[in-house]
Amino acid sequence: MSLGDSFRELSEIRDAEKNLEKSINAYEEAHKVFTKEDYDLEYGRFQRGVARSFEQLSDVKDKRSNLEKSIDAYQEALQIFTIEEYPNTYAKTNWDLARVHEKLALQIDWSNNIKKSLDNLFSALKIWTPEVNPEMYSTANNDIAMNYLKLSKEDNSNYITHAESYFQAALKTNSSPFERARSKYGLGLVYWNTFRNSGNTGYLERSIQLFQESLKILSPDENPVYYSAAQNGLGNSYFDLANFEDKEENLQRAVTAYKLALEIDTFLDSPNDYALEQRNIGNAYKNLAEVRDTFENLEKAIDSFQNSLKVYTKESYPDEFKLTQNLLGNAYKSLAEIKDGEINLEKAESAYLKAIGISETRPTKNDLQTSGIKIANSVSGYGGYILQPESLFLRGDEVIYYLEVHNVERYNYVNVSFVGEIFDTKGDRVHYWLQSIDESSSDPDWAVWHYWNVYHTSAKGKYLVRIRAYDEINGNSKTDETLFYVEEKA
């Protein structure tokens with residue numbers, strides 16, 4: 001064992017950063033003596049050692065930089081450990097390189113690094129055949145399949161098919177129970193994704209079976225990462241199956257699976273998985289509220305979404321933050337229908353505003369348009385009394401605001417929400433409302449919605465009406481503010 005190896009092992013016990021830096025320095029000093037030209041084998045071993053130390057140091061600081069240094073060192077080692085002279089070390093070094101590329105993919109150039117990882121794994125399989133090394137053959141096939149699953153976000157159909165074939169190849173090998181569990185878990189993901197693309201519930205049922213089979217092998221103590229991932233996958237499959245059959249039972253099964261995953265993925269130990277699983281639980285409770293215990297399940301959904309947002313901050317995870325805030329807003333909006341309407345509607349509005357970061361600029365046109373949905377406030381006359389502009393009316397002590405929503409891009413589905421506010425001359429908000437459209441139609445020429453909103457007032461004078469429209473499908477938004485004076489007209 002070299003001095004560099006010793007310091008790296010010591011780093012696993014105490015002072016990780018300090019001892020890993022000592023390990024790297026020791027390897028670099030050794031290179032001055034054991035040069036590539038004179039001691040090629042020792043040089044190659046030291047390159048592999050320094051690569052491992054840089055990889056471990058990336059967990060402590062300067063993640064991207066140290067991962068890149070690790071890759072450089074492994075590639076230098078491959079100059080020595082060729083497939084002809086050192087086939088086993090060649091395969092192992094390529095497998096190590098694949099792992100580091102996967103880690104680097106989370107930092108930069110995601111797709112390219114995943115593809116480089118695949119290239120390294122294919123190189124390893126030139127040596128690791130089912131006959132020569134069945135365990136590593138199975139491991140490498142599972143790794144390849146997992147990478148294809150990651151790439152399926154780009155080209156779902158082809159990559160999903162590749163993933164299935166490599167998981168099946170791993171499963172046919174006489175390998176360890178853990179690798180068989182990985183294969184079954186991976187195939188569960190494949191069939192769940194296939195359902196998402198096809199809508200065929202037969203794939204859902206198959207995914208549930210495979211997740212359950214993997215969980216007979218995986219344990220929370222020995223395989224916590226894959227155990228929690230399989231529980232989360234099982235929860236997702238039950239959640240989707242609830243849309244087709246036994247809604248209450250399958251949603252409850254989803255909640256149970258998600259909670260078992262959360263026993264592993266705590267806020268401190270696995271924040272990203274914690275946030276995802278909390279959001280999944282929130283979605284399950286939100287849907288469960290439609291069939292039983294509405295108030296209690298909506299409150300549980302809200303708690304779960306809020307827990308998820310402890311990790312999914314706007315700065316660190318802008319896309320996840322936006323999605324989760326919208327889900328939180330929807331839960332508050334549903335809760336407002338049964339309790340504390342105005343308070344919960346304000347909370348819904350707050351969540352929606354956080355999700356889309358709406359601008360407070362004042363457009364000059366008196367209409368709103370977002371993603372092909374035009375909200376017009378330009379009609380005349382109501383009950384013999386009229387306010388300026390034409391879309392504001394007075395009936396006794398009631399101020400009435402009219403909205404007409406037009407499907408200007410001829411979409412067959414519209415999902416848009418509006419927040420309305422009225423402010424008096426002192427700047428105090430005197431009225432508030434929240435409405436939404438979530439409709440589809442076979443006639444794309446329709447004016448999708450008409451809405452009258454009423455504010456009771458006896459005070460004449462200047463008011464400001466602010467309407468904010470959000471497209472729930474893609475997050476686009478517009479704001480319009482209109483000053484008006486309450487004046488009776490004959």
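The values are calculated or read from the model by the stated rules, or taken from the named source; none is laboratory data. Since this is a predicted model, take the numbers as computed values, not measurements. Because the Cβ atoms are built from the backbone with ideal geometry, glycine has one as well, and the counts that use them run over all protein chains shown.
A few comments on the model shown:
- In the range 152-171, residue farthest from the chain's Cα centre (by Cα) [restricted to those that are assigned to a loop (DSSP other than H, G, I, E, B) and farther than 22 Å from Ile208 by Cβ]: Asp155
- Qualifying residue in the range 26-37 (condition: more than 35 Å from the chain's Cα centre (by Cα), outside any loop (DSSP other than H, G, I, E, B) and buried (at least 22 other Cβ atoms within 10 Å of the Cβ)): yes
- Whichever residue in the range 3-25 is in contact with a Ser or Thr (Cβ under 9 Å, 6 or more places away or on another chain) and of a type in the set (S, T, N, Q) and, among such residues, is surrounded by the most Cβ atoms within 10 Å (Cβ to Cβ): Ser23
- Qualifying positions in the range 1-18 - of a type outside the set (A, V, I, L, M), over 36 Å from the mean Cα position of the chain (by Cα) and assigned to a helix (DSSP H, G or I): Gly4, Asp5, Ser6, Phe7
- Restricted to the range 53-142, the set of helices (runs of 4 or more DSSP H) holding at least 1 residues that are of a type in the set (Val, Ile, Thr) and farther than 26 Å from Glu9 by Cα comprises 110-124.
- Close Cβ contacts (under 6 Å, 6 or more residues apart or on different chains) running from residues in the range 242-270 that are of a type in the set (A, V, I, L, M) to residues that are in a loop (DSSP other than H, G, I, E, B) comprise Leu251/Ala242; Ile264/Pro220.
- Being farther than 17 Å from Leu67 by Cα, at pLDDT below 85 and in a helix (DSSP H, G or I) is a property that does not hold for Leu41.
- The single residue among Ile80, Ile71, Ile108 that is closer than 30 Å to Glu131 by Cα and either surrounded by fewer than 20 Cβ atoms within 10 Å (Cβ to Cβ) or under 34 Å from the mean Cα position of the chain (by Cα) (or both) turns out to be Ile71.
- Residues in the range 282-297 that are touching a residue at least 40 places away in the same chain (Cβ under 8 Å) and either assigned to a helix (DSSP H, G or I) or in contact with a strand residue (DSSP E or B) (Cβ under 9 Å, 6 or more places away or on another chain) (or both): Gly282, Asn283, Ala284, Lys286, Asn287, Leu288, Thr294, Phe295.
Yes/no per residue for (1) at pLDDT 85 or above; (2) within 17 Å of Tyr432 (Cα to Cα); (3) surrounded by fewer than 21 Cβ atoms within 10 Å (Cβ to Cβ):
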site: Tyr312; (1), (2), (3): yes, no, no
site: Glu315; (1), (2), (3): no, no, yes
site: Ala336; (1), (2), (3): yes, yes, yes
site: Gly341; (1), (2), (3): no, yes, yes
site: Ser350; (1), (2), (3): no, yes, yes
site: Ala355; (1), (2), (3): no, no, no
site: Thr364; (1), (2), (3): no, no, yes
site: Ser378; (1), (2), (3): no, no, yes
site: Gly381; (1), (2), (3): no, no, yes
